[in-house]
Amino acid sequence: MIEPAAAHTVSIEAEINGRRVRAAVPTHRTLLDFLREDLALTAAKRACDVQVCGACTVLVDGLPVSACTFLAFEINGRTVETCEGLAREGVLHPIQQAFVDAGALQCGYCTPGMIMITKALLADHPRPSVEEIKAYLHGNICRCTGYKKILDAVLAAAEAAGDQKEGAVS
Amino acid sequence: MLQPFHLHEPATPAEASGILERLGDDARVYAGGTELLLAMKQGLLRYGHLINIKRMGLDAIAFDEAAGRLHLGATATHRAVERSEVIARRYPMLVAMERHLANVRVRAVGTVGGNLSFAEPHSDLATVLLLYGATASVGGASGRRTVTIGELLVDAYTTALAQDELLLGIDVPALPRGAGADYRKFAFFERPSVGVGAVLVPSADGAAVGEARVAVGCVGPVPRRVPEAEAVLAGTPFRGGGFERAAERAAEAVHRACDPADDLYGSADYKRHLARVFTGRALDAARERVLGGGWG
């Protein structure tokens, strides 16, 4: 007979920010709780809890998801990226640096989500138009900075990534 | 807060049907979860068992050129539909709608089948599929059957699916050559509060409306076609003042056919007004597309 606790638990193995993670997660554990409570990865934030604000945005196999309404067991066999995984040896990722340079944050609560949705945007559209940026970022809400500087930061990040790629080719 | 549940991950629809039949109301099919998990988090729904149907290869998107028909597997995501080249070419109204559905995160996870099975009255997808004359393929313990979208959606949050049945996929006939189509909605943030669509199929000589389809969604428990509006448009020449007058009468018919509720997104009167205005705009856009050579 199956133990009641085991019946509600799933064994998962996933790559989170480049690290292999094995865990037994309750079926109803959300990815946001798993990241924040179990792994102490607190960049993804809880705000609206209904998938409309974007503060909990993380990437699963490169695609943006709302971790607040995404079950943790679904990451089994997949890769997860959170904002913690972006900097390398103390050097900020170009998207993070662009947000700092543009002053695209104030309280910072929405910023990890903004940065992860920007990463998803640039994967789909390396040279995004302003319309494409708006199409991706309209689902991420900022309540203090205003969106002008965030838009500037995303454009600058796209340019920086483009320069890097062109530099690598030549 | 979500409550613990038993997770089932069947390999085939038949296996899923068996579980549904055995567990009854305590089990629910789970795909993207973008609507179901929200309702469960808020305590509006509670299930002891969720049946994950994403492990049975139901996510195919295929266009049958000879039959002029698109198949969308139940677990195809909105993102996959939005980014499919063949859908963009042959079903531009569907892609245009998908590009404005919720947000990129929801589209990456939410599925076509989940959207229809949840039967939320505020569904853009259901209204658009109604316009295309799509059908749903349904599987259960006693076999498969096909129903129209209109038959599938019985009431708010209620489908024609029996206890042991699950949605397997949707078949969407392409619009006839030369047809023009348009869907538009009024939304606060991401939630549509009025959705109106129109399809105009030209007559054999191309000068008049051969067939008109008008559908309205979000302003009643289920989206619906509006035959009274369709009837006044049929036979109307595309050029000349006659079209404008017919479009106005069609918009009036839609206004009368709406049954909206007062809510945070607007009063019933306001939504009825918007439905009329948006019907006029959708018909104008559809007409422009017919005159431009067709855009289905």
Amide H to amide H, which residues 5 or more places from B:ALA208 or on other chains are under 5 Å from it, using H placed in the peptide plane?
B:SER203, B:PHE238
For a label point 7 angstrom out from the Cα of B:ARG249 toward its Cβ, which stretches of the range B:203-239 have the backbone nitrogen within less than 13 Å?
B:228-237
Residue-by-residue Karplus 3J(HN,Hα) for the range B:187-197, coefficients 6.51, -1.76, 1.60, Hz, glycine and proline x:
9, 9, 6, 9, 9, x, 10, 8, x, 10, x
Considering only B:LEU274, B:LEU153, B:LEU38, give the residue with the highest GNM mean-square fluctuation for chain B, with springs between Cα atoms whenever their separation is below 10 Å.
B:LEU38
The simple spin-label model distance between A:ASP124 and A:VAL91, using points 7 Å out along Cα→Cβ, in nm, is 2.9
Under a 5 Å amide H to amide H cut-off, with H placed in plane at 1.01 Å, what residues pair with B:LEU168 once short-range neighbours are removed?
B:SER137, B:VAL138, B:GLY139
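What is the dipole size for the protein assembly as shown, taken about its Cα centre, with +1 at each Lys and Arg Cβ and -1 at each Asp and Glu Cβ, in debye to the nearest 20? The partial results should precede the final answer.
Numbers: 49 positive and 54 negative charges, 120 e Å.
Approximately 580 debye in magnitude.
When a footprinting reagent is the concern and you count Cβ atoms within 10 Å, what order do B:MET1, A:MET116 take, fewest first?
Working: B:MET1 9, A:MET116 28.
Ranked by crowding around the Cβ, least crowded first: B:MET1, A:MET116.
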Counting pairs of alpha carbon atoms under 8 Å apart in space and at least six apart in sequence, what relative contact order in percent does chain A give?
22
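Can you give the Kirkwood hydrodynamic radius for chain A, in Å, rounded to one decimal and based on Cα pairs?
Details: mean 1/r = 0.0597 Å⁻¹.
Final number for the Kirkwood radius of chain A is 16.7 Å.
Name the GluC sites (Glu not before Pro) in the range B:46-100 that are in a loop by DSSP and that have at most 13 other C-beta atoms within 10 Å, would you? Write out the running numbers ahead of the final one.
Values: sites: B:GLU65, B:GLU82, B:GLU85, B:GLU98; in loops: B:GLU65.
Answer in residue order: B:GLU65.
Counting only pairs 8 or more places apart or on different chains, how many lysine pairs in the protein assembly as shown have C-alpha atoms closer than 14 Å?
Lysine pairs meeting both conditions in the protein assembly as shown amount to 4.
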For the range B:180-291, give the magnitude of the charge dipole about the Cα centre (Cβ charges: +1 Lys/Arg, -1 Asp/Glu; no others), in debye to the nearest 20.
80
Which residue, chosen from B:ILE19, B:THR135, B:VAL106, occupies the Cα position most advanced towards the positive end of the dipole of the range B:11-144, where the dipole is computed from +1 (Lys, Arg) and -1 (Asp, Glu) charges on Cβ about the Cα centre?
B:VAL106
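What helices does chain A hold that run 27 Å or longer along their axis, going by alpha-carbon atoms, with a Kyte-Doolittle average of -1.0 or more, using DSSP H for the helix calls?
On the way: long enough: A:148-169 (32 Å, 0.14).
TM-like helix candidates: A:148-169.
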Can you list the residues, at least 5 places off or on another chain, whose amide H is less than 5 Å from the amide H of B:TYR30, using H built in the peptide plane?
B:ILE51, B:ASN52, B:ILE53
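Quick one: putting +1 on the C-beta of Lys and Arg, -1 on the C-beta of Asp and Glu, what dipole do you get for the range B:6-52 around its Cα centre, in Debye to the nearest 20?
Values: 4 positive and 6 negative charges, 36 e Å.
Roughly 180 debye, rounded to the nearest 20.
On full extension of the chain, what length is gained from B:GLU15 through B:VAL147, given 0.36 nm per residue of separation minus the C-alpha to C-alpha distance?
Values: separation 132, 0.36 × 132 = 47.52 nm, distance 2.16 nm.
Full extension of this stretch gives 45.4 nm more.
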Of B:PHE243, B:HIS122, B:VAL196, which is farthest along the charge dipole of chain B in the positive direction, counting Lys and Arg as +1 and Asp and Glu as -1 at C-beta?
B:PHE243
GNM result for chain A, Cα springs below 10 Å: residue of A:LEU39, A:LEU151, A:LEU122 fluctuating most strongly:
A:LEU39
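Only helices at least 30 Å long along their axis, Cα-based, and averaging 0.0 or more on Kyte-Doolittle count here, so list those DSSP H runs from chain B.
none
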Rounded, prolate or oblate: pick one for the protein assembly as shown, where a ≥ b ≥ c are the square roots of the eigenvalues of its C-alpha gyration tensor, a/c under 1.5 means rounded, and failing that, prolate if a/b is larger than b/c, else oblate.
oblate
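For every helix of n ≥ 4 consecutive DSSP H residues, a contribution of -39,500 (n - 2.57) applies; sum these over the protein assembly as shown, divide by its total residues, and give [θ] at 222 nm rounded to the nearest 500 deg cm²/dmol.
Values: 17 runs with 168 residues, N = 466.
So the helix-based figure for the protein assembly as shown works out to -10500 deg cm²/dmol.
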Could you check the spin-label model distance between B:GLN3 and A:LEU151? Points 7 Å from the Cα along Cα→Cβ, value in nm.
4.7
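Values in this text are rule-based calculations from the coordinates and carry no lab data. Note that the structure is a prediction, hence the values are computed from the model and not measured. With ideal geometry, Cβ positions are generated from the backbone for all residues, glycine too; neighbour counts draw on all protein chains shown.
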